[in-house]
Amino acid sequence: MKNLRTLEFDGLIVGGGGAGLRAGLQLAESGYKTAVLSKVFPTRSHTVSAQGGITCAIASEDPDDDWRWHMYDTVKGSDYIGDQDAIEYMCSVGPQVVYELEHMGLPFSRTESGRIYQRPFGGQSKDFGRGGQASRTCAAEDRTGHALLHTLYQANVKANTTFLSEWFAVDLVTNQDGTVVGVVAIFVETGEIVFVKSKVTLLATGGAGRIYDSTTNALTNTGDGVAMALRAGVPVQDIEMWQFHPTGIHGMGILVTEGSRGEGGYLVNCDGERFMERYAPTAKDLASRDVVSRSMVIEVDEGRGCGPNKDHVYLKLDHLGTEVLNSRLSGIMELCKTYALVDPAVDPIPVVPTCHYMMGGIATQVSGQALSQDEQTNDVPVQGLYAVGEVACVSVHGANRLGGNSLLDLVVFGRAAGLHIQDVLSQGVSQRSASDSDLEAALSRISRWENSQSGENPADLRAELQALMGSSYSVFRTEEKMRDAISKLEDLRTRIESAFLEDKSEVFNTARVEAMELDNLLEVAEATAIAAEGRRESRGAHARVDFENRDDENWLCHSLYFAEDRSLRKRAVNFAPSIVEPFEPTKREY
Amino acid sequence: MDLVVNATSLSRSGLSDFLLQRVSAVVLGLYALCIVGFLIVNPDVDQIRWVQYMTSPVMLIFGTLAILSFAVHAWIGMWTVGTDYLSEHKMGKHASFWRLLYQVFVVVIVFTYLLFGLGILWRLPAILL
Amino acid sequence: MKDARPVFLDLLAIRLPLPAAVSILHRVSGVLLFLASLYLLILLASSFGNETEFDQLKWDLGSPIHSTILWATLSLLSYHFVAGVRHLLMDLHIGESLKAGRIGSVLVLIVSLVLSVLCGVWIWL
Amino acid sequence: MQVSIYRYIPGKDTEPRMQHYDYVLPDDRDLMVLEVLEDLKAKDPSIGYRRSCREGVCGSDGMSINGRNGLACKTPVSEAISRDKLMLRPLPGLPVIRDLIVDMSQFYRQYERVDPFLKNDTAKPAQERLQSQEDRKKLDGLYECILCACCTTSCPSFWWNPDKFLGPAALLQSYRFLADSRDTATEERLSKLDDPFSVFRCRGVMNCVNACPKDLNPTKAINEIRTLLVKNGT
C-alpha cells in the first residue's frame, strides 16, 4: 500500500479531550485494541479550559432535584431543536456517569455533608420552570474541566490505553462500500505519514471556535473532525448554531465562567445599571447564554457600553468577598489578574460576548454512530464512523447549550459510544480493506501543500477568514452581510487552495499542521455561512435581524449541510423520549 | 525498585540514608560547637587542659561518635555528589567505571580519616594504625 | 537520530534563584570540607602530641598562611553548618514557601558571613 | 526589542543556533510572550513551539524565557524582558526535537511511575464517596498541576538524574494521591518511593517553586512525602 506504514486497531479514537478519553477508557477496559490519536498530548486538549462545572441532577444541593427538571431546562434551552431521546438519555444516565468520575478520583469541591458541591448556572430551574433557580452544576472549584480531563487521562494511564500523541489526523479513509476504515495521519514528531486502520473510527476532535477572531477556544480548536467528515461526504447538522459566551474578557477572548454569576456576580452597563433585570426579569443574569449575550450587544449598541470606546459591559464580582472568590473562583481570579489586569475583588471585569461553543456538528445516534440522510430524508448510519463531544451533534444542545451541559455531554456520550462500539466489536466486525485510491484523497491534500511553490501566507489567510466570520456571523446576523460573506468565502477558498507552505521540513513541522488546519477552518466556516443564511428564522443562538422570530412551522427542525453540493436540507427533531412525555415547544422566556 | 539501581548507597534505603545524614549532621554540629565553645571560653588553654577536656569520658565518647558520624555523613554526601555528576545519563556507558573509581577514592579517604581520627582521640600509638 | 538531539543546559543562560545558589554552595563547601578535614585532623594530632608540639602549633597558627587556611576552613564549616540548619528546619516544614525560601537563603548568607567575620576576629585579634 | 530564539531543525541545522528577530512592541498594552511568538511565526512559519489554550491551563508552551522557565502565554513581555532583549530557549535538560519543542517522554514516564490515579480497594458506593471539606482542602495546591514541566526541567537534580529522580511534577502528583482521603494505597505508594533517588534526590533547591506558573509548591509536597516516609518507616 504505497509504502505507507499501516497501524491496525479495533477502535480508533481521534481526539484526546474529555469525550475521546472517556470513550477510550471504556474501550481499553473492554480489552479491545484501542488507540487514542490526538494532535496534542491529551491533557493539552481544550476540555482543560472548562471552568464552571458539569451539570447533573445528583441531588446534592437539593435532595428533591430530579433529572426530569434538568431535561426540561435543556429542552427549553435548546429552543426546542434538541433531540429529546438524547437529552433524556443524558440527563437520566448523567448521575451515574458523574459518580464514576468521582470514583476515578475527580477532586470535586464538597458540601458540608461531604457530597459533591453544586452551584447555580444559567437556565436552571426546579419543577419544570416553576420552582425558581436550581443549583445543579457539579464543580471542582472553577477548574472542573482541568480536573475532569486529568482524571480521565489518569484513568487511561491505569487502563493502559495506547496513545498516539501529537499525531495529526489528515482525513478519514472511506472504502468503496462507504465504510470508514480509519484515518491517514501525520506523526508530527517525524513527519511520517501513516495509515491508521481501524474497524471503528470515533471522532472526538472538539469544536472549531477558531473560525472566529474573538473566541474563548484554544488555538487548536480548528474543527478538524467536522472538516474531515464533510470531505468524506458526511453532512453536518445545525452548524449555524454558535454559542457566544456572555463573559469573555474584553480584547482577550478569555473565558470568565458563568459560575461567577452563579455565585452571585452580575452584569452592569455604563450607568451601573444591572440591565439583565430588564431583559430577563426572573432569571436575570442567569438567563441562558444566548439571551444574555444578545442583551449585552443591545446595551452596547444603544450606547450604554463601558470603557473609552463604550464597547463592553462590566461583570461585577467584588461584592462576593475575597473568601468566596478565592475558594470558589480562584481560577478566574488568576485569569483576570493576568490577562485583564483587574483584581475582581476590587474592580469589575470588562467583558464581551465571545465565540465559545459549536452546538452543531456531525449528526449522530445516541450510540454515537454518525448519520447521513438518503434522498427520502431517512436517517442512514455511516458505517464505521462515530462521533462524540463538541464535534458531534447528538443533539442535546439544539440551538443553545446550557452552561455545564458540555462536560456532561462529553462523558455521557463518550461512555455510550464506548459501550456501543464494544458491543459492535463483540459481534465480530471484520476489518474492511482500503485500496490505494481510497487513500488518495487524504494523501492528495498533503501533497497539495507539499508541492506548493508560491502563493499567499496561510497565517494571513487565516486572519482574514476569522475577521470575516467575526464580522458577519456573530451574535446578530443580517442577510446582506451573510450573502457578502459567502461570496468572500468562495474567494478565500480559491486563495487557500493555492496558498504556499514555505516550510517543508519533516520534523515537528507546525507550519504544515497549521496549513492543514486552515483547510479545516475554511470547511467549517463555509458550512456555517451557508447554513446560517439558509435558516430563515431566529432561534437560540441564531439571531437574525431580518427574521426576528422563531418559525416553528418551517424551522422546528435540524439543518443538515452537505459539502459536496453545498446544499442545506432539513432533518426532523426527535420528540420521542422513552420515559417521560415529550416537552412541546412554547414561548421561551427567562 | 524497577528503575532505580542503588547498589552502593550506604543503606540501600533512601529513607535510612536520609535519616543517617540528618542524625550524623546533628552530632557533628554539636561536637563542633563543644570544641569551639571550649576554645572561646578558654582562649589561653594549655595542652594539658585541652587534652584532658577532649579525652574526658563524655567527650571521648562524643568524639568517637562524631568521627563515626563524619564517616557516615561524608560517605552519603560524597556518594550523592558522585551519582549526580558521574551518571550514565550524562557520561554514557563508561560512567559506572568512573563512578566506581571515584567511590573507591572516597572510601579510602573516609577510612583513613576514620582510623586516623580514632587513633588520635584514643591516643593509640601510631604503630597500631 | 534520537541520540543526536541536542539538550539545552547552558548553566550561564539559566537564571538560578538565590535558594539554588545557597544549595550549590552547601554542596561545594561540603566537598571542600571533606578534603579540608585532613587538615583539621592534622591539627588535632599535633595538639595531642607533646607540649613542645602544642606550643609550636599555637605559634604556627599565628603565621599568615596557616591562619588563612584555618580561617577558610572555619568559614566553610560555618557555611555548611548554617545551610545545614536550614535544611533541617525545612525538614520540619519551616520555611517551605517561596518567600520563606528566599528569606531563609538570605539569612543563611548573612549569618554565615557574620560567622566568617567572627572567625577572622577570633583568629587574628 | 530584539527577540532571540533557539533554533534547531533536524536535517537542516547540525548545531543549535540563536536566531534574532526585531520586534516592535505596541505602546498601548503589554503583550504575552506567546503573542510575540505568534506574530513572529506568521512571518517565519518555520519557528517551532507548542501552544494550545493560550490562557495558562493546558501547559503546552513551557519554555526558558530569559533564563527562567515559564509559560509563554502567561508571561508578560514586560516582566521577562531585560536590556530590551527577549531570549527564548527550550526547557532545559530535555532532548530538543526542534526549536523550542522538547521531547517530554522522560517527564511523562516519571509521572506514570507514581501511579497517578486514585486507588481504592473498598466497594464503590452507589453515589459518590463522601469527603469532608477539610479533606478536600488538602488537595488544593496539588491537583491544579498542568504538567507543563517548568518545575521539573528547572531542577538540577532532574538534570543530573532524569531517569532516577522523579522530579517535582511527578512528586507533586504522588503527594496529590497520598493526601487524598479517598485513596487507600498509601503504604504501597510509599514503599515504591523509598530508594535513594526517587524522592530523596530533592535538595531543597526550590527552583521548582520559583518556576511554577500555577504558584504551586512541589518542594513542600516533597517534604510532606518525606515526613510520611519517616512516619511510615520508623
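What follows is calculated from the coordinates using simple rules that are stated; it is not laboratory data. Just so we're clear, the structure is a prediction, and the values are computed from it rather than from any experiment. Cβ coordinates were reconstructed from backbone atoms using ideal geometry, including for glycine residues, and neighbour counts include every protein chain displayed.
Values computed for the structure shown
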quantity: Sequence-distant lysines (8 or more away, or on other chains) whose Cα lies within less than 16 Å of A:LYS504; calculated: D:LYS12, D:LYS41, D:LYS43
quantity: Overall Cα dimensions of the stretch C:17-124, principal axis frame, Å, largest first; calculated: 54, 22, 19
quantity: Test item: Cα-centred dipole of the protein assembly as shown, Lys/Arg +1 and Asp/Glu -1 on Cβ, debye; calculated: 3060 debye
quantity: Over the stretch B:52-129, relative contact order from alpha-carbon pairs under 8 Å, at least 6 apart, %; calculated: 37 percent
quantity: Value of D in µm² per second that Stokes-Einstein yields for the stretch D:105-231, Kirkwood Rh from Cα pairs, at 10 °C (1.306 mPa s); calculated: 107 µm²/s
quantity: Sorted largest first, extent of the stretch B:12-128 alpha carbons per principal axis (Å); calculated: 56, 33, 24
quantity: For the stretch C:17-124, with +1 on Lys and Arg beta carbons and -1 on Asp and Glu, the positive-most of C:LEU38, C:TYR79, C:TRP122 along the dipole; calculated: C:TYR79
quantity: Proximal charge balance of A:MET252 [Cβ under 11 Å; K/R count +1, D/E count -1]; calculated: 0
quantity: Mean projection area, nm², convex hull over Cα of the stretch A:228-357; calculated: 9.5 nm²
quantity: Rg/Rh (Cα only; Kirkwood hydrodynamic radius) as it applies to the stretch A:250-321; calculated: 0.93
quantity: Among B:PHE70, B:GLY119, B:MET54 - extreme Cα towards positive end, dipole of the stretch B:20-129, charges at beta-carbon; calculated: B:PHE70
quantity: Distance between the stretch A:57-127 and the stretch B:69-129 - C-alpha centres, whole angstrom; calculated: 65 Å
quantity: Kirkwood hydrodynamic radius of the stretch D:2-102, Cα pairs, Å; calculated: 13.7 Å
quantity: Over chain A, relative contact order from alpha-carbon pairs under 8 Å, at least 6 apart, %; calculated: 22 percent
quantity: Mean separation of Cα contacts under 8 Å (6+ apart) over length of the stretch C:17-124, as relative contact order %; calculated: 38 percent
quantity: Average beta carbon contacts from partner chains per residue of D:56-65, 10 Å cutoff; calculated: 6
quantity: Distance between the stretch A:434-484 and the stretch C:71-125 - C-alpha centres, whole angstrom; calculated: 63 Å
quantity: Residues of type aspartates and glutamates that D:LYS124 reaches as a straight line, Cα spacing below 13 Å, ignoring anything fewer than 8 places off in the same chain; calculated: A:GLU100, A:GLU102, D:ASP183
quantity: Cα centre as origin, Lys/Arg/Asp/Glu Cβ charges: the stretch A:1-149 dipole, Debye; calculated: 720 debye
quantity: Equivalent ellipsoid, the protein assembly as shown (semi-axes from 5 times Cα gyration tensor eigenvalues, Å); calculated: 62, 30, 28
quantity: Computed FRET value (nearest 0.05) for A:GLU548 with D:LYS12, which takes r as the C-beta separation and R₀ as 56 Å; calculated: 0.45
quantity: Highest to lowest packing among A:119-127, A:7-15, scored as the average C-beta count within 10 Å; calculated: A:7-15, A:119-127
quantity: Calculated P(r) tail over 40 Å for chain A, as whole % of Cα pairs; calculated: 20 percent
quantity: Too-long pairs where the Cα-Cα distance tops 19 Å, listed order kept, from A:LYS158/D:LYS137; C:LYS99/D:LYS220; A:LYS337/D:LYS137; A:LYS76/A:LYS284; D:LYS137/D:LYS164; A:LYS39/D:LYS74; calculated: A:LYS158/D:LYS137; A:LYS337/D:LYS137; D:LYS137/D:LYS164; A:LYS39/D:LYS74
quantity: For chain A, with +1 on Lys and Arg beta carbons and -1 on Asp and Glu, the positive-most of A:SER454, A:LEU425, A:GLY404 along the dipole; calculated: A:LEU425
